[in-house]
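J.: Handing you this structure, nothing more for now.
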Amino acid sequence: MSDEMNIADYLAQGGRLTNPTNVPARYRAELMKIMATFVDSELAGAAGFADVINAGPGIKERIAAARIVLEKTDNADRVLRLMGEFGANTDRYANHHPWSDRLPRDTGPGTRRSAHDMRLSVLNYPLNGWADAVVMNLCMGLGVCVQLEELVKVSYQPLAEAIRGILPAERHHAELAEEGLVRLLAEGADLTGSLAYWHPRVAAMFGDVAADRMAQLRAWGLRDRGGADLQAEWQERFDQALIRLGVT
């Protein structure tokens, strides 16, 4: 498909785009933004957890953190390879941005650094020790799953297939976080401060785009639900997790 005027009709009839040669220019630009945001967020997330591996209170916890770092880096690589098919310089990409850079801890929710990669805003904030990292992993893990469940429906078939393969690992990261919080709570940890810190920062990543752009993204099969709907679903999952943990 090379005619942008016909792409919406083609997709509405169940068509899918399968390689860079049949992707119109404007569709390509939006698709690259989606893929870059995913790759940058995975690399930034991996860098953050790499810094706390040795803060884990035991071998099991350190293995879990190392696994998250490994899998997030691998997830980024899977989508980065798709970007390479569109001409992205994949050899330079991994070293192009300071993935471990963070804003000051007290920076308000939703803030982005002025010169930065395309990571989700929540990944601009620093972790504060092991318990704080586990809380963040639960909050963010649930949010990532909501977003990826949206992306498995994307109209660019190679990306949809890649996300379908990535989603089980991201779900397991949220499960590992909940298991870690069960242990921390059993040991008497007070998580209220970390929960209060990370909740609004994760919530802020579900931003809505302008109505006309959203209509175009829907017509192209690059978005389905708006940010408010995704945030509401994440909030429900977060609330249910807190109930399971016995935390108010």
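J.: Out of the residues in the range 146-159 that are free of Cβ contacts under 8 Å to residues at least 40 places away in the same chain and hydrophobic (A, V, I, L, M, F, W, C), which is farthest from Asn22 (Cα to Cα)?
T.: From the range 146-159, those free of Cβ contacts under 8 Å to residues at least 40 places away in the same chain are 148-149, 152; that's our starting set.
Add one more test, that the residue is hydrophobic (A, V, I, L, M, F, W, C), and what stays is 148, 152.
Details: Leu148: 24, Val152: 20 Å.
Selected residue: Leu148.
J.: Next question, about the same structure. Considering only residues that are among the polar types (S, T, N, Q) and loosely packed, with under 11 Cβ neighbours inside 10 Å, look in the range 80-103 and name the one that is farthest from the chain's Cα centre (by Cα).
T.: Filtering the range 80-103 down to residues among the polar types (S, T, N, Q) leaves 89-90, 95, 100.
Narrowing further to those that are loosely packed, with under 11 Cβ neighbours inside 10 Å: 89, 95.
On the way: Asn89: 22, Asn95: 20 Å.
Applying the filter and picking the extreme gives Asn89.
J.: Go through the range 115-145 and report how many residues are under 30 Å from Val23 (Cα atoms) and hydroxyl-bearing (Ser, Thr, Tyr). Write out each step before concluding.
T.: Our first condition is that a residue be under 30 Å from Val23 (Cα atoms); within the range 115-145, this holds for 115-121, 143-145.
With hydroxyl-bearing (Ser, Thr, Tyr) added as a condition, the list becomes 121.
Of the residues in the range 115-145, 1 are under 30 Å from Val23 (Cα atoms) and hydroxyl-bearing (Ser, Thr, Tyr).
J.: Out of (1) touching a helix residue (DSSP H, G or I) at 6+ places or on another chain (Cβ under 6 Å); (2) surrounded by 15 or more Cβ atoms within 10 Å (Cβ to Cβ), the odd one out for Ala47 is which?
T.: Condition (1) is where Ala47 drops out.
J.: Collect the residues in the range 19-41 that are of a type in the set (Ser, Thr, Tyr) and over 12 Å from Glu85 (Cα atoms), keeping them in residue-number order.
T.: Taking the range 19-41 first, the residues of a type in the set (Ser, Thr, Tyr) are 21, 27, 37, 41.
Within the range 19-41, Tyr27, Thr37, Ser41 qualify.
J.: Hey, can you tell me all the residues within the range 173-188 that are crowded, with 16+ Cβ neighbours inside 10 Å, aliphatic (A, V, I, L, M) and closer than 15 Å to Gly58 by Cα? Give the steps one after another, and end with the answer.
T.: At the first step, the residues of the range 173-188 found to be crowded, with 16+ Cβ neighbours inside 10 Å are 173-174, 176-178, 180-181, 184.
After this cut, where a residue has to be aliphatic (A, V, I, L, M) as well, the list is 174, 176-177, 181, 184.
Leu176, Ala177, Leu181, Leu184, listed by residue number.
J.: Return a yes/no flag: does the range 176-197 have any residue that is in contact with a helix residue (DSSP H, G or I) (Cβ under 6 Å, 6 or more places away or on another chain) and under 30 Å from Gln216 (Cα atoms).
T.: No: the range 176-197 contains no residue that is in contact with a helix residue (DSSP H, G or I) (Cβ under 6 Å, 6 or more places away or on another chain) and under 30 Å from Gln216 (Cα atoms).
J.: Could you grab me the full set of residues in the range 75-93 that are part of a helix (DSSP H, G or I) and touching a residue at least 40 places away in the same chain (Cβ under 8 Å)? Spell out the reasoning first.
T.: Going residue by residue through the range 75-93, those that are part of a helix (DSSP H, G or I) are 75-85, 90-93.
The answer is Asn75, Arg78, Val79, Leu80, Leu82, Met83, Glu85, Tyr93.
J.: Assuming Leu127 fulfils every condition listed in (1) touching a residue at least 40 places away in the same chain (Cβ under 8 Å); (2) over 21 Å from Ala160 (Cα atoms); (3) exposed (fewer than 15 other Cβ atoms within 10 Å of the Cβ) apart from one, which condition is it?
T.: Of (1) touching a residue at least 40 places away in the same chain (Cβ under 8 Å); (2) over 21 Å from Ala160 (Cα atoms); (3) exposed (fewer than 15 other Cβ atoms within 10 Å of the Cβ), only one is false for Leu127: (3).
J.: Which residues, taken from the range 94-123, are in contact with a Phe, Trp or Tyr (Cβ under 7 Å, 6 or more places away or on another chain) and either among the hydrophobic types (A, V, I, L, M, F, W, C) or part of a helix (DSSP H, G or I) (or both)?
T.: Listed by number, the list holds a single entry, Leu103.
J.: Asp106: surrounded by fewer than 13 Cβ atoms within 10 Å (Cβ to Cβ), under 24 Å from Leu31 (Cα atoms) and either touching a residue at least 40 places away in the same chain (Cβ under 8 Å) or of a type in the set (Asp, Glu) (or both), yes or no? Quick ask: steps written out before the conclusion?
T.: Working: surrounded by fewer than 13 Cβ atoms within 10 Å (Cβ to Cβ): yes; under 24 Å from Leu31 (Cα atoms): no; either touching a residue at least 40 places away in the same chain (Cβ under 8 Å) or of a type in the set (Asp, Glu) (or both): yes.
Taking the combined requirement at face value, the residue does not satisfy it.
Laboratory data are not the source of any read-out in this text; all were calculated from the coordinates shown. Bear in mind the structure is a predicted one, so any value in this text is a computation, not a measurement. Neighbour counts run over all protein chains shown; Cβ positions are idealised from the backbone, glycine included.
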